[in-house]
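K.L.:
This is the structure I want to talk about, given as structure tokens.
The values are calculated or read from the model by the stated rules, or taken from the named source; none is laboratory data. Computed from a prediction, not measured in an experiment: that's the story for all the values here. Methodologically, a virtual Cβ is constructed for each residue, glycine included, from the backbone with ideal geometry; neighbour enumeration extends over all protein chains shown.
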Amino acid sequence: MALLQIAEPEAASGPREPRRAVGIDLGTTNSLVATVCDGVPRALPDEEGRVLLPSIVRYLPGGGVQVGYEAQAHQGDDPKNTIASVKRLMGRGLKDVARSGNAPYDFVDAPGMVQLRTVAGVKSPVEVSAEILRVLRLRAERALGGPLAGAVVTVPAYFDDAQRQATRDAARLAGLEVLRLLNEPTAAAVAYGLENAAEGVYAVFDLGGGTFDFSVLRLARGVFEVLATAGDAALGGDDFDLRIARWALAQAGLGEPAAKDARRLVLAARAAKERLAQQDETPLVCELADGRRLERVLSRATFERLTADLVDRTLAPVARALRDAGLSPADVKGVVMVGGATRMRHVQRAVAEFFGRAPLNDLDPDQVVALGAAMQANVLAGNRPAGEDWLLLDVIPLSLGIETMGGLVERIIPRNSAIPTARAQEFTTFKDGQTAMSIHVVQGERELVADCRSLARFELRGIPPMPAGAARVRVTFQVDADGLLSVSAREKSSGVEASVAVKPSYGLTESDIERMLRDSVEHAREDAQARALAEARVEGERLAAAVRAAIAADGALLAADERAELERLLAHLDAALPGADTAAIRRAADALNRASEPFAARRMDAAVRRALAGRSLADLDV
Amino acid sequence: MSNHFELFGLAPKYALDAEALERAWRAVQASVHPDRYAAAGAAERRAALAWSARANEAYRMLKDPVERARHLLELAGVDPRFETDTAMPEAFLERQLELREALAEARAARDAARLAQLREEVLAAARAREAAIAERIDVARDYAGAAALVRELQFLRRLAQEIDDAHAPE
């Protein structure tokens, strides 16, 4: 049953236009965009009524770009310029990509993230993903009748910092205001939990085209709490297709195929795999480029034998997440199946055997993530009144640490810690008179630095010369609600402070983003300045409304002079908003933001005091 | 230094009511989580992020039996000297060596039943330390005595972690 929104009779704020917010599932194979209309989440179709957009981008000579079905049609004849499964390349270096070794593209080694050489020039996976997101943004803007206030974009829960940062950059490049990066299994749990009013411990088993996630959540009265998550960021339906393709080549006695044949064969393999969800055996037919025809019959039994180890590989993360949550399979009330690859019979069977109960398949595995993201976007945009919204408490999937002597990892934030989180740790110098310190941040579960993913390296300079062990360097790790890390460090002995903020090495710089925006095709058509002005206005209006609401609610926390200063800066912003000077609007908004900081902190303290006071009273009632 | 118990309105003691802690944590997050301020100005978003992160970190430390003890010792002004004082009773160290040998053997033999049994043994020893720490801190106020037990507990918890990792080779 769908949830209907019913307004409170005495709602003080009165009726107002809901803000246009969407949820986007940026998938390995398909992507889609959804929104909440009159309280009901629904996916938005293209002009031909199709909801799914194949995550395929084709670059044309002369700078044109095709996205989706149009590009898909040319996968077989233009494989090097037709990029599929780009999600697998996000935040990945050439080494990682070479290891999986099956994509037909011309890879270009680049610091941090691999790039692709196409007929339209060298493209980063971030740019390719941005093309997909841009099509979805335009689709949503057309359906909703105006620019979007923001989007929730989903990522695999097991994505590391590099992959999350890349996804966020892609959304920015596509002109989207990202309200939140939301973990895919968490989005699915929101959709399932609200639809079924589920309470208790549930698990989400999400096997997509290229990624596998497993999350355990506790669902209770308006709170979705992730207890633990685990997965494999390089395991998905694609791997099953490849197994079939290799089998077919071996059967036909063919060697390594040319790029065009490889892609055609994989497509034929995928179609055969999908048919095997319904049939016991199916023909696998593929026209090769030289006119030969490859024809075989694949039985489900053979398919399951070829891919049994891939199914087994999903169960290790399942066991680990349960152990991290301190639970056994019997504690789980239901396992929600998400992702097209969960349609495979042996995947269903393995999950049923492991948990001793039939998995839950009542939601469309292709759409549930986008629908959950749309529901969350609706809440974040403030379209649901307080009391009718809910809270998501998510975790960090992989431990964060730094390199210590001997190439070992010192864990700073353990996996499955609730986010956002911040943790400070103190370090000291190794030698007398040492004035600089090198800090290497890594992510992963292994003891050796070499086995973890390197996130950032930075040097802290200007430490006053002191005997070994006397300096006090405080390094602070902060993970925000998107699961993104920032690190800062400072030396605090002898009153000298040095501090540095870290932007991870794989992330795009501001100038990269600007260059890509200039390069993008759409940008030539759009008036960039008009867009910047519109954005500054929206942001400024939002800020003014938020500060006014804060003063109305908690004005008692302000001294008379503080209040007068805020009113003055509000008036200043109001005066700038109707003008055409983008920089002036931004300056006025910044000034108001800075001045309202102490007020914001006091309001937060007061909110916590109220929450705890309310809790004590509630506890007395029990 | 900040008092994590105060943040959740709880009395500072080792034998903590886990459910009361969880209720308080949820109540605090319900009012400060950044999702609650997604439509607010930048100043409020920053304040929410800082508060929410602080509450999560405090929650994590209070839930962890070693970190909770360490925090109580620090609040009492006792330096637990975890990093420098590695002196341990001989009997404890001998038992640890035995357990580690048993773990290495079970791991080499891929003996899941033996691993599960070792895990239970180590966790039982850890639970016994936790009960003793609660008595030392909450009742006897013997912080130095508690610190020695906490160091043992830390040893046992690390061993339990290694057993878990042996279960699931990456």
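Table: residues versus (1) in a helix (DSSP H, G or I); (2) within 11 Å of chain A (Cβ to nearest Cβ); (3) not polar (S, T, N, Q).
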site	(1), (2), (3)
B:LYS13	no, no, yes
B:GLN29	yes, yes, no
B:ARG36	yes, yes, yes
B:ALA47	yes, yes, yes
B:ARG60	yes, yes, yes
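K.L.:
So is A:ALA174 within 24 Å of A:GLU141 (Cβ to Cβ), of a type outside the set (Lys, Arg) and not assigned by TED's automatic domain parsing to the domain that holds A:VAL442 or not?
P.N.:
yes
K.L.:
Answer yes or no as to whether A:ARG446 is of a type in the set (D, E, K, R), outside the structural domain of A:ALA373 (by TED's automatic domain parsing) and without any contact (Cβ under 8 Å) to a residue 40 or more places away in the chain.
P.N.:
Yes, satisfied.
K.L.:
Within segment A:28-67, which strands (runs of 3 or more DSSP E) (wholly inside it) include 3 or more residues that are small (Gly, Ala, Ser)?
P.N.:
none
K.L.:
Restricting to segment A:554-569, give me the number of residues that are part of a helix (DSSP H, G or I), of a type in the set (A, V, I, L, M, F, W, C) and either farther than 14 Å from A:ASP605 by Cα or modelled with pLDDT of 95 or more (or both).
P.N.:
Residues flagged as part of a helix (DSSP H, G or I), of a type in the set (A, V, I, L, M, F, W, C) and either farther than 14 Å from A:ASP605 by Cα or modelled with pLDDT of 95 or more (or both) within segment A:554-569 amount to 4.
Yes/no per residue for (1) at pLDDT below 85; (2) within 28 Å of B:ASP64 (Cβ to Cβ); (3) surrounded by fewer than 18 Cβ atoms within 10 Å (Cβ to Cβ); (4) more than 14 Å from chain B (Cβ to nearest Cβ):
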| site | (1), (2), (3), (4) |
| --- | --- |
| A:GLU447 | yes, yes, yes, no |
| A:CYS452 | yes, yes, no, no |
| A:GLY483 | no, yes, no, no |
| A:SER486 | yes, yes, yes, no |
| A:ALA489 | yes, yes, no, yes |
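K.L.:
Determine, yes or no, whether A:ALA233 is touching a Cys at 6+ places or on another chain (Cβ under 8 Å) and modelled with pLDDT under 90.
P.N.:
Against the criterion (touching a Cys at 6+ places or on another chain (Cβ under 8 Å) and modelled with pLDDT under 90), A:ALA233 does not qualify.
K.L.:
On to the next question. Given the criteria at the interface with another protein chain (Cβ under 10 Å from one of its Cβ atoms) and either closer than 15 Å to B:VAL32 by Cβ or modelled with pLDDT of 90 or more (or both), does A:ASP605 qualify?
P.N.:
Yes: the conditions hold for A:ASP605.
K.L.:
Against the condition buried (at least 21 other Cβ atoms within 10 Å of the Cβ), outside any loop (DSSP other than H, G, I, E, B) and in contact with a Phe, Trp or Tyr (Cβ under 8 Å, 6 or more places away or on another chain), how does A:VAL379 come out, does it pass?
P.N.:
Spelling it out, A:VAL379 is indeed buried (at least 21 other Cβ atoms within 10 Å of the Cβ), outside any loop (DSSP other than H, G, I, E, B) and in contact with a Phe, Trp or Tyr (Cβ under 8 Å, 6 or more places away or on another chain).
K.L.:
So B:GLN117 clears everything in (1) touching a residue at least 12 places away in the same chain (Cβ under 8 Å); (2) over 13 Å from B:ALA15 (Cα atoms) except one condition, right? Which one?
P.N.:
(1)
K.L.:
Looking at A:VAL311, A:VAL347, A:VAL297, can you tell me which residue is crowded, with 22+ Cβ neighbours inside 10 Å and either part of a helix (DSSP H, G or I) or not assigned by TED's automatic domain parsing to the domain that holds A:LEU52 (or both)?
P.N.:
A:VAL347
K.L.:
Let me ask something additional. Can you tell me which residue in segment A:89-100 is modelled with the lowest pLDDT, limited to those that are surrounded by fewer than 22 Cβ atoms within 10 Å (Cβ to Cβ) and not polar (S, T, N, Q)?
P.N.:
Top of the filtered list is A:ARG99.
For (1) at negative phi; (2) surrounded by fewer than 18 Cβ atoms within 10 Å (Cβ to Cβ); (3) among the hydrophobic types (A, V, I, L, M, F, W, C); (4) not assigned by TED's automatic domain parsing to the domain that holds A:ALA549, each residue gets a yes or a no:
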{"residue": "A:LEU363", "(1), (2), (3), (4)": "yes, no, yes, yes"}
{"residue": "A:MET375", "(1), (2), (3), (4)": "yes, no, yes, yes"}
{"residue": "A:LEU392", "(1), (2), (3), (4)": "yes, no, yes, yes"}
{"residue": "A:VAL395", "(1), (2), (3), (4)": "yes, no, yes, yes"}
{"residue": "A:GLY407", "(1), (2), (3), (4)": "no, yes, no, yes"}
{"residue": "A:ASN416", "(1), (2), (3), (4)": "no, no, no, yes"}
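K.L.:
In this structure, does A:ALA316 turn out to be assigned to a helix (DSSP H, G or I), of a type in the set (Gly, Ala, Ser), within 14 Å of chain B (Cβ to nearest Cβ) and at negative phi?
P.N.:
Yes: the conditions hold for A:ALA316.
K.L.:
Looking only at segment A:104-145, filter to residues that are aliphatic (A, V, I, L, M) and without any contact (Cβ under 8 Å) to a residue 40 or more places away in the chain; which one of those is farthest from A:ASP169 (Cα to Cα)?
P.N.:
A:VAL108
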